[in-house]
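The values are calculated or read from the model by the stated rules, or taken from the named source; none is laboratory data. Computed from a predicted structure; not experimentally measured. Note that each Cβ is placed from the backbone with ideal geometry, even for glycine, and that neighbours are counted across all protein chains shown.
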């Protein structure tokens with residue numbers, strides 16, 4: 001008990017870290033996570049469609065080439081725009097992978113068959129040195 005009292009802050013950090021590590025498993029992803037390299041292979045080999053669920057200003061600051069901009073806040077009302085991709089691979093991205101994970105769950109619920117979450121989002125894409133297109137126009 002004395003150890004716990006003397007190291008309560010350290011124990012708190014360990015518990016918080018453990019929760020942060022298992023949180024994605026508890027929440028259950030709606031799609032497979034793919035790395036930037038795996039996403040590139042899906043784009044090149046299976047003609048995967050990219051859906052960026054960030055806000056307009058984030059999208060304009062830089063996005064994956066050929067990405068379709070559809071903010072998470074408007075996803076449910078604009079699902080019809082993606083209907084033709086229901087049986088094709090979809091790569092969903094955001095800044096870090098959190099919003100896109102939520103979008104993946106929604107798309108899977110709506111019957112999209114091959115939904116993939118870009119692990120780490122645009123941060124990982126840029127960090128891996130992949131191309132970024134600037135501007136607000138979506139495909």
Would you check if residue 126 is over 11 Å from the mean Cα position of the chain (by Cα) and within 19 Å of residue 38 (Cα to Cα)?
yes
Matching residues, the range 99-113, being touching a strand residue (DSSP E or B) at 6+ places or on another chain (Cβ under 8 Å), over 16 Å from residue 71 (Cβ atoms) and touching a residue at least 60 places away in the same chain (Cβ under 8 Å):
108
Do you know which residues across the range 49-66 are at negative phi and surrounded by fewer than 22 Cβ atoms within 10 Å (Cβ to Cβ)?
49, 55, 56, 57, 58, 60, 61, 65
Here is a list: 115, 126. Which entry is at negative phi and surrounded by fewer than 17 Cβ atoms within 10 Å (Cβ to Cβ)?
126
If you check 77, 83, 87, 106, which single one turns out to be in a loop (DSSP other than H, G, I, E, B), over 17 Å from residue 36 (Cβ atoms) and in the same structural domain as residue 41 (by TED's automatic domain parsing)?
87
Residue within the range 26-41 that is surrounded by 10 or more Cβ atoms within 10 Å (Cβ to Cβ), touching a helix residue (DSSP H, G or I) at 6+ places or on another chain (Cβ under 6 Å) and at pLDDT 95 or above present
yes
